[in-house]
Amino acid sequence: MTCDPWSNKLDAYVDSELSGEEVENLESHLRMCSSCAADALGRLQMKRLTQAAGMRHAPAPEFRLRIEQSVHAQKRARSWFSWLPLSSAPPSRLRLTSALLAAAAVLVLMVGSFDLWLQHSQREHALTELADLHVATLASATPVDVISTDRHTVKPWFAGKLPFTFNLPELQNSPFTLIGGRVAYLEHFPGAQLLFEVRKHRLTVFIFQDQAGVPFLDGPTNSRELAFNVETWSEGGLRYVIISDAARADVHDLSQLLRAAAHS
Amino acid sequence: MPLLPRLYNLAQWLTRDRAEAEDLVQETYLKALRGFASFQPGTNIRAWMYKILRNTFLTSRTGLKTSMTVSLDDEENPVAEPASAQTPESLLLARADQQAIENALDQLPVKFREIILLCDIEEMSYREIADALAVPVGTVMSRLSRARRAMRDILAVQIEGGSR
């Protein structure tokens, strides 16, 4: 059996949590007490064996790849949507003053156009949500719930799952392929999430009811700095949003096909 | 992605299911990126990531089930003398192989398994573990002590059962 005052310190000793003085005192005790020395040795052996046994699960290479792609895409989406600086350095007095002046200027502008700002902020939030859904879908092992290249299979699948219906385009003479679809939610409103492919690039098309209350701006986003290309429009009470890393022209072509289908 | 193998290993020890571990790690990375602004430079990124992974696990279906079905003894109470106290530890370990240790780890309640993994595999300090688990350092020490005793008990039963 070990000695009480010392045995309580043996775990901390093998975990290197004792101070220099405590280690010195304990080690001089261990040199004289075979029972405590055997206990300490046993705990050390147990720690070593656990270290060897504990690293037994390794991620599969395909999972590692999936995570890398997902993180990369998320980083790009973040850099697109973040419009506030993320500096973590402590603010200097000068920087703080400049920041306050800038904040005051922003506030004046915001008071003047609060509605516009609110709308912009809600739109940014909604786009971030949709970009997250797009990224999560690409990273998922089961990106769609209905897998079919046939629009006559995919469209009926949504019947009863959504409070609206929509038309899908004929893709036979186009470079696009339909992969499938699933139900997505934006601000608690259900909508259709459709996955298309063009030359290995995936495009997500979201269709929600317009009264989902999200103030989108129509038209394509034109900046070349954006990581994703987005195009959104409203048609027959439905809001369409396409998000993809495919070329802007491809995103626009798909939007034309969907618009044509909506009119048919 | 230097942390991926370690996070994945912890996730699979927690969930004991490959698909669930993959989902857990993926969600952890997405949450970490989303909340990176809240990361304080100078703090341990491994402990920070583990904290996210653990919180995500606890709110998952398996995590909720685990926290409901596993009751943890009052950590402030003195630790009961283990059944294996009479077995010299070095003798016990001399008869334990890696498989026996893995089995013992598997059988531990998730909170015990977790703290042993953080301390022995991840080699986190008691302070880092306390931060990751959101408990005082004293609780880390008592929980670790209980966890190791529980593991020795399981090993003793395994070895004695096997030698019969």
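The values are calculated or read from the model by the stated rules, or taken from the named source; none is laboratory data. Not measured: the values here are computed from a predicted model. Here the Cβ positions follow ideal geometry from the backbone for every residue, glycine too, while neighbour counts run over all protein chains shown. Heavy atoms of the whole protein, side chains included, go into the accessibility calculation; ligands, DNA and RNA do not. Shrake-Rupley method; radii C 1.70, N 1.55, O 1.52, S 1.80 Å.
List of remarks:
- Total residues in the range B:135-146, condition open to solvent by 50 Å² or more (accessible area, probe 1.4 Å) and in contact (Cβ under 8 Å) with a residue 12 or more places away in the chain: 1
- All positions within the range A:216-234 that are at pLDDT 80 or above, buried (at least 16 other Cβ atoms within 10 Å of the Cβ) and not aromatic (F, W, Y): A:N229, A:V230, A:E231, A:T232
- Taking the numbered list (1) facing chain A (nearest Cβ under 10 Å); (2) touching a Leu at 6+ places or on another chain (Cβ under 8 Å); (3) surrounded by fewer than 17 Cβ atoms within 10 Å (Cβ to Cβ) in turn, B:N103 passes all entries but (2).
- Residue list for the range A:19-39, restricted to those being open to solvent by less than 50 Å² (accessible area, probe 1.4 Å) and more than 14 Å from A:S7 (Cβ to Cβ): A:V23, A:S28
- Residue satisfying all of: in the range A:60-83; facing chain B (nearest Cβ under 7 Å) and at pLDDT 85 or above; most open to solvent (accessible area, probe 1.4 Å) among these: A:R64
- Test: residue in the range B:83-101 that is closer than 19 Å to B:W48 by Cβ, modelled with pLDDT under 90 and not in a helix (DSSP H, G or I): no
- Elements of type helices (runs of 4 or more DSSP H) in the range A:7-59, at least 2 residues being within 11 Å of chain B (Cβ to nearest Cβ): A:10-14, A:34-54
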